[in-house]
Amino acid sequence: MRESRRARVLWREVDPVTQSKGFSTHRWRPAVGFCLHPPTAGSPTVTRTKKHMDLRLARRWRRWTREVRPTLALAMPIMGGMIGHMLIGIADTIMVGRVGVVPLAASSFVNTITHLPFIFACGLLSAIAVLTAQAHGAKQPHEAGEVLRHGFTIAFIAGLCTLVVCFCLRPFLGWFGQPADVVAASHTYLILFGGSLMPAIVFHGCKQYCEALNRPWEPMLIMLGAVLMNVFLNWILIYGNWGAPALGLEGAGWATLIVRTSMALALIAHIARASVFRDFKPVRWIAPLKLDRFRQLFHLGIPVGVQHVLEVSAFAFAALMMGWISTDAIAAHQIAITCAATTFMFGLGIGMAVCIRVGHAWGAGHYQRMRRMGFVGIVLSASVMGFFGLVFVAAGTPIARCFIVSPAVITLGAQLLMVAAIFQVADGIQIVAMSGLRGQNDVRAPAMIAMLSYWIVAVPTGYLLAFRAQYGAVGIWIGLAIGLGAAATCLTWRFHERSKIAITS
């Protein structure tokens with residue numbers, strides 16, 4: 001017998017004592033007539049076993065890393081569209097900031113109070129992306145068409161309601177405790193900005209539908225074109241170029257209204273005419289609407305809308321508390337929140353891609369891959385947001401100087417950006433975990449987690465640090481960072497548990 005074969009002879013020896021207790025021992029025993037030893041590190045058996053283990057690890061690694069490319073391929077154009085949306089706000093902030101501190105503070109004030117109804121409508125319409133993605137994964141194009149038809153109706157009604165809310169808020173602006181000159185400058189801008197919310201909400205609903213069908217490039221291109229159009233109209237209407245009157249903040253409102261209306265019309269025309277959506281369109285656009293469809297959309301959309309409102313209202317209340325400190329604090333907060341919200345679009349884009357891909361996998365019943373998609377997205381988002389956090393730390397003052405010339409506002413804005421750098425990673429993690437849960441139709445528990453994290457942890461902590469511990473504006477932002485960290489931890493753990501349950505069941 002060859003030595004390599006003798007080295008692999010394994011005999012089982014059972015100890016009668018241990019056997020009686022339910023245990024057994026495995027020992028290497030020599031075959032009759034031979035002197036054998038257990039395989040050494042260089043023997044063929046150990047080498048072959050090691051290669052087999054390495055192969056299994058490599059295959060497992062490839063199963064995880066192969067989710068990176070499709071996630072980024074879907075996330076990149078979504079990020080581009082969201083960054084385009086934020087660039088419109090940045091352009092308004094920079095160009096209005098050149099007019100003065102009071103117009104910039106008024107712009108921040110109007111954006112803060114109108115953002116809540118707008119963000120609720122966007123959360124409500126997120127059900128379009130979830131249900132369309134699940135229908136696409138389950139290979140049910142007719143279902144996707146019905147989601148579009150009923151979702152478009154909800155988008156139109158939500159936009160109209162948001163417009164009415166903005167009109168109703170105008171007489172009560174003085175109740176928010178802001179400086180008198182800021183309130184006086186906000187009246188006309190509120191009406192114009194509120195009028196632009198309706199086409200913006202319709203555009204968002206159509207954008208959700210396109211992205212869920214893996215067609216994110218067209219909305220992104222429309223959005224980037226809108227950025228250039230907005231800068232051009234601002235240049236004309238704010239500063240009075242090409243013979244137009246210099247309207248200041250009011251000119252920015254007119255530019256926003258024109259640009260958002262053009263965006264909505266362009267995307268509706270694309271969906272109606274593009275051949276790639278032919279199989280996913282409704283069989284009949286003009287047909288009786290079904291209550292069950294609306295109930296399904298509201299069942300998913302309302303908790304997400306509430307979740308968005310709870311998160312954004314925490315930041316909105318932070319902006320109101322800035323007004324209790326000073327006008328400089330409002331302006332510095334607007335600069336910092338604009339930068340943080342812009343970089344957040346990268347994490348949000350990854351989150352939307354994860355939501356859509358998890359929805360595809362959920363509809364197809366591929367639960368193990370769904371779990372990998374979620375955790376790969378979390379790692380990607382944390383890495384990207386960590387990079388932007390380092391940028392805020394290294395270049396906070398130059399960034400703030402790009403927005404305004406006031407030295408006090410620049411100094412305070414740089415301090416707030418340093419705090420923003422801390423919660424960037426937590427913010428990126430919580431949005432991807434939340435999106436992965438949404439793709440599994442899990443929306444109620446995340447809404448509860450958001451309420452506890454932001455209104456039980458973040459806002460009270462920020463208030464205490466700002467006004468009791470005398471940290472001022474920086475204390476408010478530290479409280480927000482603590483709330484985001486709590487949300488990230490809870491949501492990631494829930495995604496871990498929910499995905500395990502889906503696999504085992």
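Determine if segment 315-335 includes at least one residue that is touching a residue at least 60 places away in the same chain (Cβ under 8 Å) and assigned to a loop (DSSP other than H, G, I, E, B).
no
Of these, MET223, MET198, which one is under 25 Å from the mean Cα position of the chain (by Cα), buried (at least 22 other Cβ atoms within 10 Å of the Cβ), without any contact (Cβ under 8 Å) to a residue 60 or more places away in the chain and assigned to a helix (DSSP H, G or I)?
Step by step, each of MET223, MET198 is checked, and only MET198 is under 25 Å from the mean Cα position of the chain (by Cα), buried (at least 22 other Cβ atoms within 10 Å of the Cβ), without any contact (Cβ under 8 Å) to a residue 60 or more places away in the chain and assigned to a helix (DSSP H, G or I).
Report, by residue number, each residue of segment 62-115 that is in a helix (DSSP H, G or I), among the charged types (D, E, K, R) and surrounded by fewer than 23 Cβ atoms within 10 Å (Cβ to Cβ).
Of everything in segment 62-115, those that are in a helix (DSSP H, G or I), among the charged types (D, E, K, R) and surrounded by fewer than 23 Cβ atoms within 10 Å (Cβ to Cβ) turn out to be ARG62, ARG63, ARG69.
Is it the case that some residue within segment 61-81 is on the phi > 0 side of the Ramachandran plot and modelled with pLDDT under 80?
no
Condition test on ILE337, is it assigned by TED's automatic domain parsing to the domain that holds GLY123, buried (at least 23 other Cβ atoms within 10 Å of the Cβ) and touching an Asp or Glu at 6+ places or on another chain (Cβ under 8 Å)?
no
Would segment 394-416 turn up any residue that is in contact with a Gly (Cβ under 9 Å, 6 or more places away or on another chain), buried (at least 24 other Cβ atoms within 10 Å of the Cβ) and farther than 29 Å from GLY97 by Cα?
no
Only one residue in LEU484, LEU491, LEU412, LEU437 is within 15 Å of THR343 (Cβ to Cβ), in contact (Cβ under 8 Å) with a residue 12 or more places away in the chain and not β-branched (Val, Ile, Thr), so which one is that?
Exactly one of LEU484, LEU491, LEU412, LEU437 is within 15 Å of THR343 (Cβ to Cβ), in contact (Cβ under 8 Å) with a residue 12 or more places away in the chain and not β-branched (Val, Ile, Thr), namely LEU484.
Check segment 346-359 and report whether any residue there is modelled with pLDDT under 90 and not in a helix (DSSP H, G or I).
no
If you go through segment 442-454 one residue at a time, do you hit one that is in contact (Cβ under 8 Å) with a residue 40 or more places away in the chain and within 24 Å of CYS339 (Cα to Cα)?
yes
Quick one: ARG69 ticks every box in (1) closer than 25 Å to GLN296 by Cβ; (2) not assigned by TED's automatic domain parsing to the domain that holds GLY436 except a single one, so which number is it?
ARG69 satisfies all of (1) closer than 25 Å to GLN296 by Cβ; (2) not assigned by TED's automatic domain parsing to the domain that holds GLY436 except (1).
Out of the residues in segment 226-246 meeting the condition of being part of a loop (DSSP other than H, G, I, E, B) and of a type outside the set (A, V, I, L, M), tell me which one is surrounded by the most Cβ atoms within 10 Å (Cβ to Cβ).
Step by step, filter segment 226-246, then rank; the result is TYR239.
Just to check your reading of the model, which residue among VAL391, VAL405 is assigned to a loop (DSSP other than H, G, I, E, B) and among the hydrophobic types (A, V, I, L, M, F, W, C)?
The unique qualifying residue is VAL405.
Restricting the search to segment 311-332, which residues are crowded, with 22+ Cβ neighbours inside 10 Å, more than 15 Å from TYR463 (Cα to Cα) and of a type outside the set (Gly, Ala, Ser)?
GLU311, ILE330
For the condition assigned by TED's automatic domain parsing to the domain that holds ALA341, over 26 Å from the mean Cα position of the chain (by Cα) and under 28 Å from GLY439 (Cα atoms), what is the one hit in GLN178, GLN140?
Answer to the selection: GLN140.
Just the residues that are surrounded by fewer than 21 Cβ atoms within 10 Å (Cβ to Cβ), in a helix (DSSP H, G or I) and either at pLDDT below 85 or among the charged types (D, E, K, R) (or both), please, taken from segment 273-297.
Listed by number, the residues that qualify are ARG273, SER275, VAL276, PHE277, ARG278, ASP279, ASP292, ARG293, ARG295.
The values are calculated or read from the model by the stated rules, or taken from the named source; none is laboratory data. Predicted, not measured: the structure shown is a model, and the values here were computed from it. Don't worry about glycine lacking a Cβ; one is built from the backbone with ideal geometry, like all the others, and counts go over all protein chains shown.
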